[in-house]
Amino acid sequence: LEVADLFCPSFEDPYPQQSASSEKLEYNPILSEVYEKLLELAPIDDTKIKSLHERGFTKASCKSLNFGTIQSTQKLSSLRIKLVELFGDKLKEVPGFIKDKTGINFVGSDLKGLVIPLRDLKGRIVALKTRRPHGDPKYLLWSSPAAKAFTTLHFPLGFKQHTLIRITEGELKAELAQEKTKIPTI
């Protein structure tokens, strides 16, 4: 089997018979632009690096993998202001943001924690997930009514098609398994 045999192409609805529309979703470059800028403005902090290092990540990979940290409602507010300045109304096309009567806002205030980028086969950030220190569920996929997240399938940074691949549950496990074993892991 090839990797392509296991999964639908990125941004294609895997269950078209259940969707209201069977049209193929096109990649929107604004996703990577916004998410990369957000992660640049909210880089991973030392406590999250220490926590991931204890799980087996190297300190260097914690930064190179573009993990981020949102620690407070105040940080969410300053991120929103900066992103609105940079991207304006385009943010409403990005999962995790909503335009309401007060302007462009994050969908919720419970996005605080470790921010994990989800990537497609080309290495582009196509979604974000937050690993919250408290609460249920522990992981939240960024989405919104007008801009739903396209995928929860994650290809770790540096993923290369190979005759052998590993499939696991969870983005952090995929990143760590691939880093430690050099076996491409989805």
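The table for this structure:
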{"quantity": "Entries in Lys37/Lys90; Lys99/Lys173; Lys63/Lys101; Lys48/Lys129; Lys63/Lys112; Lys112/Lys182 that, when Cα-Cα distance is taken, lie over 25 Å", "calculated": "Lys99/Lys173; Lys63/Lys101; Lys112/Lys182"}
{"quantity": "Antiparallel DSSP beta bridges within segment 94-186, percent to nearest 5", "calculated": "95 percent"}
{"quantity": "Cα-based convex hull volume of segment 48-172 per residue, rounded to whole Å³", "calculated": "130 Å³"}
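Each reported figure results from applying straightforward, stated rules to the coordinates on display, with no laboratory input. Just so we're clear, the structure is a prediction, and the values are computed from it rather than from any experiment.
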